[in-house]
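Here's the structure, in structure tokens; my notes come after.
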Amino acid sequence: MRYLPKSPTDREEMLAEIGVSSIDDLFATIPEEYQLKRDLDIPRQHAESEIIDRFRGYAESNATGYSSFLGAGVYRHYKPVIIDSLVQRGEFLTSYTPYQPEIAQGTLQAMFEFQTMICELTGMEIANASMYDGSTGAAEAIMMAVRVTGRNAAVIARTVHPEYREVIATYAQHQQIPLTEISYATTGRVDLAALDAAITDDTACVLIQSPNFFGTIEDVAAIAEIAHAKGALLIVSIAEAVSLGIVRPPAEADIISLEAQSYGVSIGYGGPYCGVIACKEKFLRQMPGRLIGETKDVNGKRGFVLTLSTREQHIRREKATSNICTNQALVALMTTIFLTVYGKEGMKELAEHNLAKAAYLKSVLGAEGKVLFEGAPRFHEFVLDLGASADEINTGLLKEKIIGGLPLAKWYPELGPNASLWCATELTTRVQMDAAAKAVNALAPAQVEQTLVAR
């Protein structure tokens with residue numbers, strides 16, 4: 001139901017009914033010094049049609065004509081229109097947890113197909129449906145590894161998404177899981193020597209990301225060999241799921257934590273997105289969330305049920321693996337439809353398209369700045385040292401309706417203030433990339449000159 005405003009007469013009747021003379025009486029318990037007494041500059045009331053027009057105007061002023069080169073864990077990909085057409089059907093849009101398989105076969109089958117596709121993409125044997133997002137999935141994977149191994153520490157690469165690491169730190173603090181971070185080599189990959197030195201007899205797992213936060217693809221096989229030799233599990237976090245269309249899946253991993261936002265989930269202010277955990281079948285009992293399984297009904301017909309639900313809502317708290325996930329089925333359904341539309345060859349072509357776009361962007365921008373972390377394969381992101389402040393250059397680019405790369409100094413101060421992370425997807429046009437290169441070329445020399453004068 002939409003918000004229904006009350007007339008002055010309605011308000012007087014309501015106040016009389018509850019026995020107060022004015023709305024101010026409702027706030028009398030708040031100390032005088034904390035009450036807001038000044039007049040607020042509030043615009044006049046607007047009709048619903050005026051409000052809609054105003055927000056449409058805001059949207060146009062914010063978005064129309066802008067090109068974006070941001071990635072960093074949230075990616076702009078084309079979303080087939082059929083996704084919204086299907087997920088907005090009442091059977092899916094209004095459904096909740098499919099506790100009763102008799103009336104939830106459609107939802108259960110969609111989740112089963114989702115799990116199947118995720119396994120095919122990642123090279124794992126089982127997958128859940130699903131986690132909140134990639135960050136919580138990574139944290140849950142670490143806790144899962146602790147339960148599996150009986151050890152209680154984790155080693156994490158600094159090339160894992162910084163915000164993922166912040167979420168993990170919050171989980172680990174209250175689970176008493178010590179965390180050790182390892183740095184990266186000049187190629188942007190994990191420093192293998194530092195990794196080998198960091199793993200101890202208490203290490204339950206090693207967590208890496210590939211493609212990592214710098215866009216570089218890690219040597220998963222080499223990292224797995226080091227981790228397994230010391231009895232630790234390997235967790236691979238994947239923030240850009242489209243990469244699996246061309247990048248070999250990290251089959252050497254024991255657990256994979258995947259953010260599936262790129263598969264048809266719209267960019268939002270932090271979500272809802274679609275996290276997934278996939279792993280080897282032998283870890284089945286320690287997997288958080290839900291698993292959907294295939295069975296037969298009393299008439300021998302194919303059917304689907306909740307096979308394993310190990311969260312607190314379903315079983316006794318002391319036996320639960322986690323209290324994560326509310327019903328993410330609707331977002332998982334978006335992913336299922338996306339993967340069905342594209343298919344195996346379509347996913348490969350999409351990934352190749354992204355790879356080619358990034359290669360071109362790197363070629364035109366690399367001429368104006370220094371590309372960091374060369375010497376290792378990458379997908380559709382790269383780090384550029386512009387030779388001038390990344391923040392100041394971004395301010396200049398915005399005047400040209402260009403959203404530049406993500407400045408990295410906040411999380412990686414060792415890279416300096418000039419480093420930023422740039423991304424290109426299939427939605428980034430050559431015209432936009434050429435315009436960005438021209439704008440950066442015009443801004444960077446001026447910024448460098450200002451810096452020299454200041455010194």
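The values are calculated or read from the model by the stated rules, or taken from the named source; none is laboratory data. Not measured: the values here are computed from a predicted model. Cβ coordinates were reconstructed from backbone atoms using ideal geometry, including for glycine residues, and neighbour counts include every protein chain displayed. The accessibility values were calculated without ligands, DNA or RNA, using every heavy atom of the protein model including side chains. Shrake-Rupley method; radii C 1.70, N 1.55, O 1.52, S 1.80 Å.
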**Request:** Hey, could you check the range 231-264 for residues that are among the hydrophobic types (A, V, I, L, M, F, W, C), part of a loop (DSSP other than H, G, I, E, B) and over 12 Å from Tyr132 (Cβ atoms) and say which is farthest from the chain's Cα centre (by Cα)?
**Result:** Ala232
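For every residue, the table says whether it meets (1) modelled with pLDDT of 95 or more; (2) open to solvent by 50 Å² or more (accessible area, probe 1.4 Å); (3) of a type outside the set (S, T, N, Q).
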residue: His228; (1), (2), (3): yes, yes, yes
residue: Val236; (1), (2), (3): yes, no, yes
residue: Ala241; (1), (2), (3): yes, no, yes
residue: Ile255; (1), (2), (3): yes, no, yes
residue: Gln286; (1), (2), (3): no, yes, no
residue: Lys296; (1), (2), (3): no, yes, yes
residue: Asn299; (1), (2), (3): no, yes, no
residue: Leu308; (1), (2), (3): no, no, yes
**Prompt:** Quick one: would you say Val220 is of a type outside the set (Asp, Glu), over 20 Å from the mean Cα position of the chain (by Cα) and closer than 21 Å to His161 by Cβ?
**Reply:** yes
**Message:** Going residue by residue through the range 268-281, is there one that turns out to be among the hydroxyl-bearing types (Ser, Thr, Tyr), surrounded by fewer than 12 Cβ atoms within 10 Å (Cβ to Cβ), at pLDDT 90 or above and not in a helix (DSSP H, G or I)?
**Reply:** no
**Asked** In the set Ala110, Ala129, which member is farther than 21 Å from Ile235 by Cβ, hydrophobic (A, V, I, L, M, F, W, C) and modelled with pLDDT under 95?
**Response** Ala110
**Request:** Look through Val206, Val148, Val190, Val155 and report the one residue that is β-branched (Val, Ile, Thr), over 30 Å from Phe338 (Cβ atoms) and touching an Asp or Glu at 6+ places or on another chain (Cβ under 7 Å).
**Result:** Val190
**Asked** Cβ-Cβ below 8 Å, separation at least six or inter-chain, first residue in the range 341-358 and farther than 17 Å from Arg430 by Cβ, second open to solvent by less than 20 Å² (accessible area, probe 1.4 Å) and hydroxyl-bearing (Ser, Thr, Tyr): which pairs?
**Response** Ala351/Ser243
**Prompt:** Could we say that Lys370 is assigned by the TED database to the domain that holds Arg430 and surrounded by 14 or more Cβ atoms within 10 Å (Cβ to Cβ) here?
**Reply:** no
**Prompt:** Say we look at the range 26-74 and pick out the residues that are in contact with a strand residue (DSSP E or B) (Cβ under 7 Å, 6 or more places away or on another chain) and open to solvent by 60 Å² or more (accessible area, probe 1.4 Å); which of these is farthest from Met14 (Cα to Cα)?
**Reply:** Leu70
**Request:** Determine which member of the set Leu40, Leu4, Leu86 is of a type in the set (A, V, I, L, M, F, W, C) and touching a residue at least 24 places away in the same chain (Cβ under 8 Å).
**Result:** Leu86
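Yes/no per residue for (1) in a helix (DSSP H, G or I); (2) open to solvent by 30 Å² or more (accessible area, probe 1.4 Å); (3) over 26 Å from Phe379 (Cβ atoms):
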position	(1), (2), (3)
Thr116	yes, yes, no
Ala139	yes, no, no
Met143	yes, no, yes
Thr180	no, yes, yes
Thr187	no, yes, no
Ala224	yes, no, no
**Message:** Residue pairs, Cβ under 6 Å, 6 or more apart or interchain, first in the range 121-147 and among the basic types (Lys, Arg), second open to solvent by 10 Å² or more (accessible area, probe 1.4 Å). List them.
**Reply:** Arg147/Gln286
